[in-house]
1. Using only the alpha-carbon atoms, how far is helix 414-427 inclined from the longest principal axis of the chain? Give it as 0 to 90 degrees, nearest 10.
2. Can you give the charge dipole size of the chain about its Cα centre, rounded to the nearest 20 debye, using +1 on the beta carbon of Lys and Arg and -1 on the beta carbon of Asp and Glu?
3. Hey, in the GNM for the chain with a 10 angstrom Cα cutoff, which one of Gln165, Gln275, Gln386 fluctuates hardest?
4. If you filter the range 374-437 for GluC sites (Glu not before Pro), then keep DSSP loop positions with at most 11 other Cβ within 10 Å, what is left?
5. Specify the residue with the greatest mean-square fluctuation among Met348, Met172, Met358, computed from a Gaussian network of the chain linking alpha-carbon atoms under 10 Å apart.
6. Just name one of Gln434, Thr269, Ser125: the one whose Cα is farthest towards the positive end of the charge dipole of the chain (beta-carbon charges, Lys/Arg +1, Asp/Glu -1).
7. Rank-order 405-411, 77-83, 90-96, 374-380 by packing density, defined as the average count of other C-beta atoms within 10 Å over each peptide's residues, highest first.
8. Using the Cα centre as the reference, give the magnitude of the dipole from point charges on the C-beta atoms of the range 59-168 (Lys, Arg: +1; Asp, Glu: -1; all else neutral), rounded to the nearest 20 debye.
Amino acid sequence: MKIDSNKSIRIISNFLTPESYNKTAFLDNHILETDENGKITEFHSAPRLFDRSGTIDLRKFIISPALIDTHAHVPQIEAIGKHEPNLLSWLNKHIYTVEQSFNDLNYAKQIADKFFTLARSAGTSTIVAYSSGDINPTHEIFKSALKHRVRIVAGNVLMDQNVPQSLIGNPMSILTGSMELCEQWNKYSNKADTEKDYNDGRNESTQKQNSIKDSYYAFTPRFAISCSEGLLQETAKLAKKYDAYIQTHLNESQLEIKDAIKNHPYAKTYTEIYQKSDLLGPKTLLAHCIHNTDEELQIIKDTESKIVHCPDSNLFLGSGRFQIEKIMDFDITIGLGSDVGAGTSLNMFRIMRSMLYMQLAHQKKVDINIPYYLATLGNAKVLGLQDMIGSIEVGKQAELLLIGIKNIDFGLKNNEASKDILSKLIFTEDYSMQLVN
Ligand code: GUN
Ligand code: FE
């Protein structure tokens with residue numbers, strides 16, 4: 001089934017949707033209607049008597065909003081499971097080589113196809129991703145995402161020091177190429193609607209079938225170790241000019257922090273490196289933030305930058321515990337990312353499991369609603385797209401995850417019902433998923 005651009009639909013089913021950090025609604029026997037653009041126009045409890053003609057009966061499923069992943073690396077899908085329990089040696093030993101391979105265009109097309117096929121099959125409709133350092137393979141990521149009807153926020157990785165020379169390229173042409181990518185793909189759907197003659201290799205009939213046709217560019221300085229002060233500053237200027245996202249890594253491991261400050265001695269803390277280059281702001285996504293001082297968290301809060309928690313990756317690399325209680329006290333907007341390939345799966349329910357296990361291993365209790373909230377509405381807020389995606393509500397896009405799950409106790413109500421369903425989704429693999437958009 002497809003919610004496509006030309007037809008309104010009417011569904012009856014049971015829905016799971018986030019309301020707040022601690023609350024997930026379970027709404028059984030509800031009717032959802034969309035307009036011909038896939039926007040939700042009606043969502044309410046089914047009356048006892050209603051006109052069943054033209055209504056698709058999906059009551060054997062539970063429907064969740066599609067999941068969102070706010071941190072992953074496309075080329076690294078080929079490096080999943082290559083273990084090395086330390087960030088810097090893992091990058092050197094396993095990662096730079098797979099990113100080098102991604103610069104071959106045919107290989108990049110294959111890998112991007114694999115990545116978005118896996119993402120869709122895991123119920124993810126929106127992904128924030130890093131490419132390799134090259135421009136042309138990054139174009140392939142945007143094209144592949146559109147083909148697979150996955151909303152993409154992505155950028156070529158910017159690096160000009162402390163990585164193998166073959167990954168660096170010519171700094172001026174990399175920035176020029178970044179601008180070209182940004183001009184072509186940032187806020188793509190707006191352009192496609194207004195510019196009749198856009199040309200990305202798709203014909204018009206393909207476009208009509210795509211309910212997801214928006215994409216966004218993110219300027220992507222890898223991390224402070226691999227970027228000179230000049231590169232960080234230029235990147236910040238360009239991101240402002242184009243009103244684009246910025247994504248980078250911050251405070252992931254102790255050795256990384258030491259090395260970052262050694263490379264940028266004008267800063268007292270790692271966060272200050274980014275602050276002084278003017279990289280922080282509401283559209284900046286900072287992955288990890290495991291080892292922060294209070295001062296750094298205050299800077300992140302004051303600049304309205306976002307933190308993307310990547311628990312599966314942190315467990316894999318032994319990076320440390322995410323101080324969730326403290327970061328929530330600072331009232332910083334938090335999202336959840338797979339961080340594939342340090343993360344071992346694109347399935348966000350698996351990432352939610354890692355998030356709970358990380359805290360439980362330290363005797364910290366985290367409400368089971370929180371990871372689900374982060375992977376849906378929380379991630380939508382990280383992107384500032386909460387009026388469009390992240391929950392099932394009138395006015396938002398119908399990007400629906402159909403879940404086939406057995407042994408649901410329909411006698412349970414409200415909180416008890418949603419906790420029962422979430423714990424099965426997070427701690428078992430005994431269900432099917434189909435993304436419909
Ligand atoms: N820090 C810099 N690059 C990377 C990367 O590719 N993965 C992770 N997890 N951390 C990084
Ligand atoms: Fe990462």
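1. Its long axis makes an angle of about 50 degrees.
2. Working: 47 positive and 53 negative charges, 162 e Å.
About 780 debye.
3. Maximum fluctuation in the GNM of the chain, among the listed residues, is at Gln165.
4. Working: sites: Glu393, Glu399, Glu416, Glu429; in loops: Glu393, Glu399, Glu429.
Those that pass, being in a loop and sparsely packed, are Glu429.
5. Met172
6. Gln434
7. Numbers: 405-411: 11.0, 77-83: 15.4, 90-96: 17.6, 374-380: 26.7.
The most tightly packed comes first, giving 374-380, 90-96, 77-83, 405-411.
8. On the way: 11 positive and 9 negative charges, 155 e Å.
Using only the charged Cβ atoms, the result is roughly 740 debye.
Rule-based calculations on the coordinates, nothing more; no lab input. Small disclaimer: the values here were computed from a predicted structure and weren't measured. Using ideal geometry, Cβ is built from the backbone for each residue, glycine included, and neighbour counts are taken over all protein chains shown.
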